[in-house]
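Take a look at the structure below.
Throughout, read-outs are computed from the coordinates displayed, never taken from laboratory work. As the structure is a prediction and not an experimental result, all values here were calculated from the model. So basically every Cβ, Gly included, is an ideal-geometry build from the backbone, and we count neighbours across all protein chains shown.
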2 protein chains.
Amino acid sequence: EEKTDTGSSVHRLIERFGLPQTGAETRFYINHILSYDQSRRTPRWVAEHLSGQRLQGQADRKHCKFKPDPKIPELFTARNEDYLRSGWSRGHMAPAGDNKISEVQHSSCPSSNRTLEMYCRDLTLRFSDVWLVSGPLLLPQVREDGRRTVSYQLIGEDDVAVPTHLYKVILAQKDSTLALGAFVVPNAPIGFERPLTDFQVSLSDVERMSGLTFFPEVDRAEQPKNLCDVDSCQLMDFTQFTLYISGRKVKSARTLARLEKVMTELRDAGITPDDYLTNLYLEKKRELVEKEKKPEQ
Amino acid sequence: EEKTDTGSSVHRLIERFGLPQTGAETRFYINHILSYDQSRRTPRWVAEHLSGQRLQGQADRKHCKFKPDPKIPELFTARNEDYLRSGWSRGHMAPAGDNKISEVQHSSCPSSNRTLEMYCRDLTLRFSDVWLVSGPLLLPQVREDGRRTVSYQLIGEDDVAVPTHLYKVILAQKDSTLALGAFVVPNAPIGFERPLTDFQVSLSDVERMSGLTFFPEVDRAEQPKNLCDVDSCQLMDFTQFTLYISGRKVKSARTLARLEKVMTELRDAGITPDDYLTNLYLEKKRELVEKEKKPEQ
Ligand SMILES: [Mg+2]
Ligand SMILES: [Mg+2]
């Protein structure tokens with residue numbers, strides 16, 4: 001058997017020169033937790049929690065305790081410029097509630113599919129707590145001869161990887177019922193016609209595709225029910241979709257004029273704001289009235 | 001500003017259901033250290049130490065202290081069967097000295113280029129200590145319109161990713177001189193003609209390609225010289241290559257008959273064994289004589 005002195009030289013390597021850093025450590029933000037993929041300039045996974053309360057803005061931050069975001073080296077970050085004229089929008093895998101630039105940067109990837117996001121917001125109407133883990137996938141195409149090839153585009157000067165698919169693993173709780181569903185959608189618009197069950201996969205399938213183990217503390221043999229057995233797993237229709245998009249516009253409005261325009265356009269489309277949107281609108285209006293009273297900083 | 005209760009729900013997620021596991025943690029073996037890529041079924045990086053002493057088998061293991069290898073879930077491991085009839089050999093990014101199956105499994109990727117490996121073994125003749133970090137790369141091809149596309153094959157039932165390129169970052173020390181070189185070679189045979197400098201890249205280039213930060217404790221502004229200024233950076237010629245390959249065959253010989261066959265073939269090719277190979281041969285011979293005296297287990 002070959003003899004080695006690597007026990008000590010391993011230590012010399014670590015102490016003197018340092019081991020390679022992957023940057024895959026868990027990063028904590030106000031609204032989500034994530035692991036970043038430095039080689040693809042996208043997140044590996046983004047975990048978030050949704051609840052009726054949270055969406056209605058009734059909770060507070062007093063219980064928050066976060067580690068500061070460990071800085072990702074400039075070499076591995078993507079910028080808005082990378083997405084410009086690429087044909088891809090910068091899809092945030094989690095809402096960027098506290099608006100820190102790093103939070104928006106690290107949780108987004110090139111995407112053109114919000115279907116699952118809308119379904120999840122909808123789920124909070126039927127479940128008290130919804131935990132989500134989302135992220136990009138790079139899946140192969142199978143050729144006629146059986147060869148499998150992964151192909152994806154890089155965009156921008158930062159070489160941001162455009163995923164072929166997006167995944168979402170959903171854990172939803174209502175009273176004593178815990179339900180789990182895993183979904184994989186192509187990174188392309190999928191329309192309103194198809195049922196969400198078309199995109200459901202087994203948990204181990206999405207784990208194998210992503211290389212990740214999800215919700216490791218959940219006893220899989222026992223508890224979680226199939227989400228699509230407990231819930232309808234129905235996608236939103238056009239009205240719901242428009243309400244959802246209007247909600248996003250209301251949240252990001254920076255002036256009263258812009259805010260009113262969103263609501264006017266909605267009424268012009270013949271859609272009546274629901275309670276959720278009306279509350280969002282009123283809250284945002286108070287905030288902007290307050291802001292526009294103050295002199296510019 | 002939107003209010004959230006995610007501070008507490010984040011904790012609930014971690015405590016009750018667990019955060020996604022990437023499996024990217026650092027794993028320690030007798031001869032190397034690595035981080036595994038569960039989504040590609042290859043290592044991200046493999047770090048090892050070479051020295052004249054180590055190659056001549058004069059050191060011992062008494063200083064070794066290792067954490068046990070955290071188990072990689074079956075879902076994310078590759079097997080020898082994946083490589084069969086794929087046209088790819090299972091290239092170990094580091095010598096698997098203690099022959100544990102997991103060590104071989106986790107440190108290998110589909111490869112067909114040993115050029116850099118041979119150069120590094122050669123380096124120990126001129127440097128007292130050589131630290132290496134090696135791994136696979138998935139690099140884009142640039143089309144005429146400037147679009148960059150990454151394309152790679154998956155092999156076997158485990159969907160092992162075949163890298164387009166391989167990298168090696170080399171840190172070599174001799175007396176007070178510390179020299180660093182980073183190299184990227186296509187994952188294909190490159191022949192004996194081309195100088196190694198053809199494949200040299202800057203450290204930040206290979207970091208950007210791999211998403212990794214190498215030797216983070218080295219002060220880059222100050223110390224390390226360019227390896228190819230200090231060393232010739234010459235690849236082996238055919239004789240050196242054949243000696244190297246014979247050395248590998250000697251190490252892996254399981255019977256005396258096989259061992260003698262390796263040496264006979266070498267002499268038939270008109271190549272005289274050097275001291276290194278002769279020592280390897282004598283050591284292996286003692287080991288096999290001892291083994292063949294004992295009854296089969
Ligand atoms: Mg950058
Ligand atoms: Mg396996």
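Structure summary
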| item | result |
| --- | --- |
| Cβ-vector label at 7 Å, B:LYS285, separations to other copies in nm | 9.5 |
| Where N is the number of residues in segment B:158-297, Cα Rg divided by 2.2 N^0.38 Å | 1.39 |
| Packing rank of A:217-227, A:245-255, where each peptide gets the mean count of other beta carbons within 10 Å, highest leading | A:245-255, A:217-227 |
| Pairwise FRET efficiency - B:ARG79 versus A:ARG220, Cβ, R0 = 22 Å, nearest 0.05 | 0.40 |
| Order of B:CYS109, A:CYS228 - criterion: other Cβ atoms within 10 Å of each residue's Cβ, fewest first | A:CYS228, B:CYS109 |
| Neighbour-count ranking [beta-carbon atoms within 10 angstrom, fewest first] of B:HIS165, B:HIS49, B:HIS32 | B:HIS165, B:HIS49, B:HIS32 |
| Per-residue average of Cβ from other chains inside 10 Å of B:203-215 | 5 |
| Net charge over other residues, Cβ less than 9 angstrom from the Cβ of B:PRO136 (K, R count +1; D, E count -1) | +1 |
| Computed FRET value (nearest 0.05) for B:ASP175 with B:ASP205, which takes r as the C-beta separation and R₀ as 35 Å | 0.75 |
| Number of partner chain Cβ atoms within 10 Å, mean per residue of B:137-150 | 3 |
| Shielding by partners - mean other protein chain Cβ count within 10 Å, residues of B:29-35 | 4 |
| Quotient of Cα Rg and 2.2 N^0.38 Å for segment A:101-204, N being how many residues it contains | 1.24 |
| Other-copy label distances relative to B:VAL218, 7 angstrom Cα-Cβ extension, nm | 4.4 |
| Sites B:VAL142 and A:THR239 - FRET efficiency at Förster radius 45 Å, r taken between beta-carbons, to 0.05 | 0.50 |
| Distances in nm from A:GLN234 to the matching label points in the other copies, shortest first (labels 7 Å along Cα to Cβ) | 7.7 |
| Order of B:ASP145, A:ASP275, B:ASP198 under a 10 Å beta carbon neighbour criterion, fewest first | B:ASP145, A:ASP275, B:ASP198 |
| In nm, spacing of pseudo-spin labels at B:GLU283 and A:SER232 (7 Å Cα→C-beta vector) | 7.2 |
